[in-house]
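**Q** Supplied in structure tokens, the structure appears directly below.
Quick note: the coordinates plus some simple rules give every number you see, no bench work behind them. Computed from a predicted structure; not experimentally measured. Neighbour counts run over all protein chains shown; Cβ positions are idealised from the backbone, glycine included.
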Amino acid sequence: MSTLSERILGAPAGEYVDRDVDLAFAHDGTGVLAREALREMGVERLPHPERLHLIFDHIVPANTGTTATLQAELRRYARSSGVALSDAGGGICHQVMSEGLVRPGMIVAGADSHTCTLGAFGAFATGVGATDMAAIWASGGTWFRVPETIALRLSGRLSGAAEPKDAALAYVAKLGMEGATYRALEFVGDGAAGVSMDGRLTLCNMAVETGAKAGMFYADATTVRYLAEHGVSASPQVPENCRYEREVNIDLSDIVPLVAIRHRVDTVREVAEVAGTQIDQVFVGTCTNGRYEDLARFARIVRGRKVAVRTLVVPASRAVLSRAIATGVLADIVDAGCMVAPPGCGPCLGAHMGVLGEGEVCLSTANRNFKNRMGVGGEIYIASVATAAASALAGEIAVPEVA
């Protein structure tokens, strides 16, 4: 019997396989490098442009003339080659791809490390380098070493103020930043069914923070329902009685609000242990926690109150932004004194909009808190949306109240 990775890639763990890639995408940063590699290869005609996407998300809107010129070149290339383009403001690549493009059983490659996010749909989704992406665009496929699989066996349900981000920090702390190198993580067990689609995307997103090649849920009724809302028909996947490299048990009912302290994602503490730490900025967004469910949770907490520290909220996509406007979520966020930026990645990687100054501290809902990531000399604490909201109101790291 096979793990989900073995089933999709069609071979047992440890074997090397050549496979067609069903969907492949690059963003405005890696797209420039992939385009240059294609030029050096002498490749002008792409065999399967219908499978390819360019998504502008990392530095949008363009922050310098050089950035704008490179993006203009990519736009021209997309038009001439038939590659689908999601231009500035469309959203973060992983979120855009999650809105009806990725389906169970697909092989997905993205020129960004957090492509593992899309394993939430029962797909094998993994990040590749820009030159590897160029080769995929040129040929339509690539090679994989089928990964061994670690099962994260979920039981119980999240309660209190805990949310999927806290569960993600918990498993990263348990495995360590190198503890699942080139493994696939499968989220299985009775507790998996109770995790929302947005929560699954968050859990799979952070698989790469353990070194994993992929993070995956089996498609089930929740997956099928979500995709149907996006006009996509899909069938559930039934887990087989397979052999895992090892199993890690996580009781979701034991999870409490957590925070990753500087400068490692696996250095995790309970929020209560670091409560009172002064902060200069709160950032809510990214491919980890910029979805509608996240924005709505944040709005419920800050509604009718005022943030005590500069707070930046960045929706993960135009669709998320539109829904937040239509439901009044965005109005609640703005009325609370928060800034709202166009959908994209900007502050997460220290590109622009929310860059930290020397010695400044940010509580972020992103996935990485590496030294200098959001600005030279800045410090980053990683936490959930609920913790971010409570901290924004307090002006210091604060334990979120039970909803």
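**Q** Compute for region 200-306: radius of gyration divided by Kirkwood radius, i.e. Rg/Rh, restricted to C-alpha atoms, rounded to two decimals. Kindly include the intermediate steps, with their values, before the conclusion.
**A** On the way: Rg = 17.7 Å, Rh = 17.5 Å.
Result for region 200-306 is an Rg/Rh of 1.01.
**Q** Taking the square root of 5 times each eigenvalue of the Cα gyration tensor, what semi-axes in Å does the equivalent ellipsoid of region 259-394 have, largest first? Let's see the in-between values first.
**A** Numbers: eigenvalues 100, 51, 34 Å².
Semi-axis lengths for region 259-394 are 22, 16, 13 Å.
**Q** Something else: Can I get the semi-axes of region 99-226's equivalent ellipsoid? Compute them from the C-alpha gyration tensor as square roots of 5 times the eigenvalues, in angstrom, largest first.
**A** Values: eigenvalues 125, 56, 27 Å².
Those come to 25, 17, 12 Å.
**Q** Roughly how many whole Å is it from the C-alpha centroid of region 71-91 to that of region 326-360?
**A** A separation of 25 Å, based on Cα centres.
**Q** Same structure again: Find which of 80, 211, 392 sits farthest along the positive direction of the dipole of the chain, computed with +1 on the beta-carbon of Lys and Arg, -1 on that of Asp and Glu, about the Cα centre.
**A** Value: 80.
**Q** Run the reach check for residue 213 against lysines, Cα to Cα strictly under 19 Å, same-chain hits fewer than 8 apart removed. What comes back?
**A** Candidates past the 8-residue exclusion: 174.
**Q** How big is the dipole moment of region 1-103 about its Cα centre under a simple scheme where the beta carbon of each Lys and Arg is +1, that of each Asp and Glu is -1, and everything else is neutral? Debye, nearest 20, please.
**A** Details: 10 positive and 14 negative charges, 48 e Å.
Taking the Cα centre of region 1-103 as origin, the dipole is about 240 debye.
**Q** Continuing with the same structure: Dividing the alpha-carbon Rg of the chain by 2.2 N^0.38 Å yields what? Write out the running numbers ahead of the final one.
**A** Details: Rg = 20.1 Å, N = 403, 2.2 N^0.38 = 21.5 Å.
So the chain has a normalised radius of gyration of 0.94.
**Q** Next question, about the same structure. How would region 77-149 be classified by its alpha-carbon gyration tensor: rounded, prolate or oblate, with rounded meaning a/c under 1.5 and the a/b versus b/c comparison settling the rest?
**A** Values: a/c = 1.92, a/b = 1.21, b/c = 1.58.
The shape class here is oblate.
**Q** Follow-up. Which listed residue (263, 159, 336) has the Cα farthest towards the positive end of the charge dipole for the chain, taking +1 on Lys and Arg C-beta and -1 on Asp and Glu C-beta about the Cα centre?
**A** 336
**Q** Still on this structure: Along Cα→Cβ, 7 Å out, is where each label goes; now give me the distance between the ones at residue 233 and residue 325 in nm to one decimal.
**A** 3.4
**Q** Then there is this: So which trypsin sites (Lys or Arg not before Pro) in region 237-290 are both in a DSSP loop and have at most 16 other Cβ atoms within 10 Å of their Cβ? Display every interim value, and only then the final one.
**A** Numbers: sites: 243, 246, 262, 264, 269; in loops: 243, 262, 264.
Qualifying residues, ordered by number: 243, 262.
**Q** Let me ask another. So which trypsin sites (Lys or Arg not before Pro) in region 277-363 are both in a DSSP loop and have at most 15 other Cβ atoms within 10 Å of their Cβ? The partial results should precede the final answer.
**A** Details: sites: 291, 297, 300, 303, 305, 306, 310, 318, 323; in loops: 291, 303, 305, 306.
Those satisfying the criteria are 303, 305, 306.
**Q** For a quick check of your reading of the filter: which GluC sites (Glu not before Pro) in region 209-275 sit in a DSSP loop and have no more than 13 other Cβ atoms within 10 Å?
**A** Values: sites: 209, 229, 240, 245, 247, 270, 273; in loops: 240, 245.
Here the GluC sites (Glu not before Pro) that fit, given the DSSP loop and packing criteria, are 240.
**Q** If each Cα of region 114-167 is one equal point scatterer, what is log10 of I(q)/I(0) from the Debye formula at q = 0.24, 0.25 Å⁻¹?
**A** -1.13, -1.18
**Q** Please check the chain for the longest run free of chymotrypsin sites (Phe, Trp or Tyr not before Pro) that are loop-located per DSSP (anything but H, G, I, E, B) and have at most 15 other Cβ atoms within 10 Å. Mind dumping the intermediate values first?
**A** Values: sites that count: 182, 370.
Value returned for the longest uninterrupted segment is 183-369.
**Q** About the Cα centre of the chain, what is the dipole size in debye to 20, counting +1 per Lys and Arg Cβ and -1 per Asp and Glu Cβ, all else neutral?
**A** Numbers: 36 positive and 44 negative charges, 103 e Å.
In total the dipole reaches around 500 debye.
**Q** Of 222, 62, 244, which is farthest along the charge dipole of region 1-256 in the positive direction, counting Lys and Arg as +1 and Asp and Glu as -1 at C-beta?
**A** Checked the options; the winner is 62.
**Q** Per residue of region 243-258, in order, report the coupling 6.51 cos²θ - 1.76 cosθ + 1.60 (Karplus, θ = phi - 60°) as ³J(HN,Hα) in whole Hz, putting x for Gly and Pro.
**A** For region 243-258, the Karplus curve yields 9, 9, 4, 6, 10, 10, 8, 10, 8, 4, 5, 8, 6, 10, x, 10 Hz.
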